[in-house]
1. Scanning segment 143-174 for residues that are β-branched (Val, Ile, Thr) and in contact with a strand residue (DSSP E or B) (Cβ under 8 Å, 6 or more places away or on another chain), which turns out nearest to Gly97 (Cα to Cα)?
2. Can you report the number of residues in segment 297-336 which are loosely packed, with under 13 Cβ neighbours inside 10 Å and under 22 Å from Glu269 (Cα atoms)?
3. Scan segment 205-215 for residues that are touching a residue at least 40 places away in the same chain (Cβ under 8 Å), out of contact with any Asp or Glu (no Cβ under 9 Å at 6 or more places or on another chain) and not charged (D, E, K, R) and jot them down.
4. Among the helices (runs of 4 or more DSSP H) lying completely within segment 266-357, list those that include at least 1 residues that are within 16 Å of the ligand (Cβ to nearest atom).
5. Kindly indicate whether any position in segment 128-140 is hydroxyl-bearing (Ser, Thr, Tyr) and in contact with a strand residue (DSSP E or B) (Cβ under 7 Å, 6 or more places away or on another chain).
6. Name the strands (runs of 3 or more DSSP E) wholly inside segment 1-95 in which the number of residues that are out of contact with any Phe, Trp or Tyr (no Cβ under 9 Å at 6 or more places or on another chain) and either within 22 Å of Arg122 (Cα to Cα) or at pLDDT below 95 (or both) is 3 or more.
7. I need a count of the residues in segment 188-207 that are in contact with a strand residue (DSSP E or B) (Cβ under 8 Å, 6 or more places away or on another chain), in a helix (DSSP H, G or I) and more than 12 Å from Ile88 (Cα to Cα).
8. Which condition number in (1) over 18 Å from Gln140 (Cβ atoms); (2) out of contact with any helix residue (DSSP H, G or I) (no Cβ under 9 Å at 6 or more places or on another chain) is the one that Asp42 fails?
Amino acid sequence: MFREFGIPARIEKVTDIDRLAELRTEHSGSNNCYVSVYAFRDEKGSKTDYNSAVVSTIWFDFDENKDVSRCLKDVRKLYNRFCVPRNIIPRIFYTGGRGFQLNIDFPEPLEIPNGMKRESIRDYLLYLKKEYVLSTLDVQCINNSVSCMRRMSNTPYLDKKTKEPTGRYCIQLEIEEMLEYDMNEIISLSMYPRVRIFEYPGEHNIQASKEFLFFICDKIEVPYTPTNSIPYLLTQIHKAGKFDNGYDENIGTVNYLPVRECIYKLIEESIKHGHCGHSENTAIAAELVSAGWKDTNIGFVFQSIFNEEGGDKYGWYNDDGTAGYQIKNIREKAINRYSRDRLVQLKICKNKYCGCGG
Ligand SMILES: [Zn+2]
């Protein structure tokens, strides 16, 4: 999993937050710093496979050459008319120049078919632009869809021609600030980077995931009702078309969630060290159950980690290669895979850029 860093030309694929911080330090002050909105899972040769984007957010770029307060009006319009009625909490940024950026984050990445991502995101944004009359919502960015780049938060805004700092930074704003401050007050705020921590609102935005999936269903003529669950909607979307989606077509259902990158890493490291803690074991098992793995295959993972003769005292596998009672427990009690917050808490996810989500 990686993101692209740009100035704004894409100059490096970045897999960890430390490297991103390095690049930011290296370039801020001499270049405008950008990062891809989406993280990607795959490359095609040495090129980014944009269809492998992890769809964990929808990103809005508002831009207006002459009067940036018109962007602020559009942001408020989108917030009041679209977000508020659906209890959606967006993240809002002033770019430091002539625009605003807004994210609507999903509780977890939406595993829509790879072949549909680019078009779905683009068409959804075009639909929202028209529906809510967002005249400053930038069409070029909409067309970039899965491959779009955003200005990095807390980096200086440089004049595009002279490359001289303008004295302003790209900053995140609280919703209250967006609603109550006028443009001059927001510009004053942008004179300094903001060191404070903003809450990541993804978990609140279930309705945002649903609205996007409803939109896709309408587009490909899949029937649904407003009470349908997200896994159900995703299953119907996958069934509706022959898409290059990475799922086994024969299993009949695609309720399974892909194993997240950091869990793969945890498994690899645990096998290397021949050890893994109890919470981590549970994280691995719950993840693999929800990814549709068979019990025996999950048992084998633990056998590979502990590799102890005389069996495993903790119940993850049996000597005959079958799964231990812990795994059966997780399956029987339908224990959910760990949330993103829990993974961060356990330090399985090292940072918020890893893209694990949900
Ligand atoms: Zn992670």
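1. Thr166
2. Looking only at that region, the number is 6.
3. If the condition is that a residue be touching a residue at least 40 places away in the same chain (Cβ under 8 Å), out of contact with any Asp or Glu (no Cβ under 9 Å at 6 or more places or on another chain) and not charged (D, E, K, R), then Ile206, Gln207, Phe212, Leu213 are the ones that fit.
4. Ranges flagged: 278-290, 340-345.
5. yes
6. Hits in segment 1-95: none.
7. 1
8. The number of the failed condition is (2).
The values are calculated or read from the model by the stated rules, or taken from the named source; none is laboratory data. Being a predicted model, the structure only gives us computed values, none of them experimental. Every residue, glycine as well, gets a Cβ built from its backbone with ideal geometry; the counts of neighbours run over all protein chains shown.
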